[in-house]
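Okay, so here's the structure we're looking at.
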Amino acid sequence: GSAADLIREAREFEARGIDTCWASQLHHTPFAPLAAVAGATERIQLGSAIALAFTRSPMETALTTLDMDRLSDGRFKLGLGAGVKRLNEQWHSVSDFGRPAPHLKETVELVRLLIEQGAQGESVRYRGRYHQVELAGWQPRYEPVRTSIPIYVAGVGEAMARVAGDVADGLLGHRV
């Protein structure tokens, strides 16, 4: 819906005591709708459920997460998922979908490092199968609202549940 519709619904959810308002990614990113309601609400948590993890770089994901947390005054939760191979490769031109569970695990690890260390002006060095990052000398323009932002992993199987247990703050599941 329109920004006015989203804001009206989010305010209604907040008034009813709903804990979190989640936005998904398929035909749009989850971040724009959440940004629209961030300044119009005060208590309700805002989360992406889910943002596709392999269609943007871990640095872009970390920067967006920091921005969303700042816009919402520390109420943002990042939900990441692999999505399906066909969608990643054919819609988003992802060249190395790889094995989704190890790929998502690396992505979450790196996004967390970039938020918790990089956003503090610390160097980050990460060497994995899917991601290699050497971040030195980056000084964020704004101090983060939080240095630890909750990250949730989406999944339906045992491998993604293990990834969630290993590197995330929770699991976002759905039935197939």
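The values are calculated or read from the model by the stated rules, or taken from the named source; none is laboratory data. From a predicted model like this one, the values you see are computed outputs, not experimental measurements. Heads up, the Cβs are rebuilt from the backbone with ideal geometry, glycines too, and the neighbour counts pull from every protein chain shown. These accessible areas exclude ligands, DNA and RNA; they are computed on the full protein's heavy atoms, side chains included. Shrake-Rupley method; radii C 1.70, N 1.55, O 1.52, S 1.80 Å.
Structure data summary
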| quantity | calculated |
| --- | --- |
| Mean Cβ count within 10 Å, highest first, over the residues of peptides 18-27, 69-78 | 69-78, 18-27 |
| Signed unit charges on C-beta, dipole axis of segment 60-151, positive-most listed residue VAL111, LEU66, GLY81 | GLY81 |
| The chain, relative contact order [Cα under 8 Å, separation at least 6], % | 18 |
| Nonlocal amide H pairs with VAL94, under 5 Å, H built at 1.01 Å | GLU89 |
| Highest-fluctuation residue, ALA35, ALA154, ALA51 considered, GNM on the chain with Cα pairs under 10 Å | ALA35 |
| Estimated 222 nm signal from helices in the chain, with DSSP H stretches of n ≥ 4 weighted -39500 (n - 2.57), rounded to 500 | -11000 deg cm²/dmol |
| Carbon and sulfur %, accessible surface of segment 42-101 computed with the full protein complex present, 1.4 Å | 47 |
| Calculated Cα extents along the principal axes in Å (choose from (i) 45, 42, 29; (ii) 49, 43, 33; (iii) 45, 41, 37), label | (i) |
| Relative contact order, percent, segment 38-96 [alpha-carbon distance under 8 Å, six or more residues apart] | 46 |
